[in-house]
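Since the structure comes first, as structure tokens, the remarks are kept for the end.
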């Protein structure tokens, strides 16, 4: 039952992510937002993801109560989207709150899943998130006639996430604190790893925030672009299912391999902007640059730090948070023919940082 509940949570949570990442930039463009404004909006949530973990170094524990509060805040934000989306400045506010709540929700559940399913089964549960992401990508592309339809999908996904998040954790002991130790949490333990994660996510800013806009601007339909997203997720699902044997190898080497492949992936999109075939080739790399990279990163951090929840929070904070914030801002600034050349260079910086990191 625990596998079903966690898988249901991942499915619902990444439905939220699909609406937010694939379609929200397009929705904002439909309303009349500029590329710079879209970049700023999508920098807000990552900024909060970066800031929130610092509160948990000394002052707060990521407990079940905090997790449930974050789910409730996420629900309020989904409702606020309806009344603020037409105003750039007001729309910033729920996006900030979403970043804070997501910065708590996913680290809590992924640590919970790692504890209960172990890394051998974690990927098989996490792949249901990829399935949810893919299905939303396919179906919403067909239905997205008005911005309100996208908001309805987002709200429904939030409701489902709150449901599965609650039933998954409702019986967890409130004193469950096996991850709390007297260890002094220090980023300097693996400085170059954190730098690499930061640059890796900067490179993904061009993808998460502007891939849909970039592809449709080069003559590829919105529906076909949704299939590109879906194809990348299918490759991701396959890797999540079969990646367990690879995780027995040197995790740092896996991360180097993933970062280098990310540089190639973005360079393909830069070199062949009008080629549907090459876009599919680039999307196939998602299996390595996201699925394998993500699980290898969590597994490596869990071997380095005793406080696993805090390690997960700082992973999301420094990569998806600070890296996502900078990536969104810079992608909005660089949007145009050189967007993915810049992304490729950022991925190379991630790779070079790992070369400096000692095993």
In angstroms, what radius of gyration and Dmax does region 277-321 have, counting Cα atoms only?
-> 13.5, 45
Relative contact order of the chain, defined on C-alpha pairs under 8 angstrom at six or more residues apart (%) = 32 percent
Add -39500 (n - 2.57) for each DSSP H run of 4 or more in the chain, then divide by its residues: what number comes out at 222 nm, to the nearest 500 deg cm²/dmol?
-> -26000 deg cm²/dmol
Would you kindly compute the Cα radius of gyration of region 106-159 and its largest Cα-Cα separation (Dmax), both in Å?
-> 14.7, 42
Using the per-residue mean of other Cβ atoms lying within 10 Å as a proxy for protection, in what order, highest first, do the peptides 306-316, 64-74 fall?
-> 306-316, 64-74
What ranking do 86-93, 237-244, 254-261, 323-330 get when scored by the average of other Cβ atoms within 10 Å per residue, highest first?
-> 323-330, 254-261, 237-244, 86-93
Could you work out how far the C-alpha centroid of region 72-121 sits from that of region 235-303, in angstrom?
-> 25 Å
Among the Cα-Cα pairs of the chain, the proportion with separation greater than 34 Å, in percent, is 18 percent
By average C-beta atoms within 10 angstrom, highest first, the peptides 199-205, 152-158, 343-349 = 199-205, 343-349, 152-158
Using a Förster distance of 41 Å, the FRET efficiency for residue 142-residue 116 (Cβ separation, nearest 0.05) | 0.65
Can you give the convex hull volume per residue for the Cα atoms of region 45-99, as a whole number of Å³?
-> 68 Å³
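We did not get these values from a lab; they are worked out from the coordinates using the rules stated. For clarity, every value in this text was computed on a predicted model and none was experimentally measured. In this analysis, Cβ positions are derived from the backbone assuming ideal geometry, glycine residues included, and neighbour counts consider all displayed protein chains.
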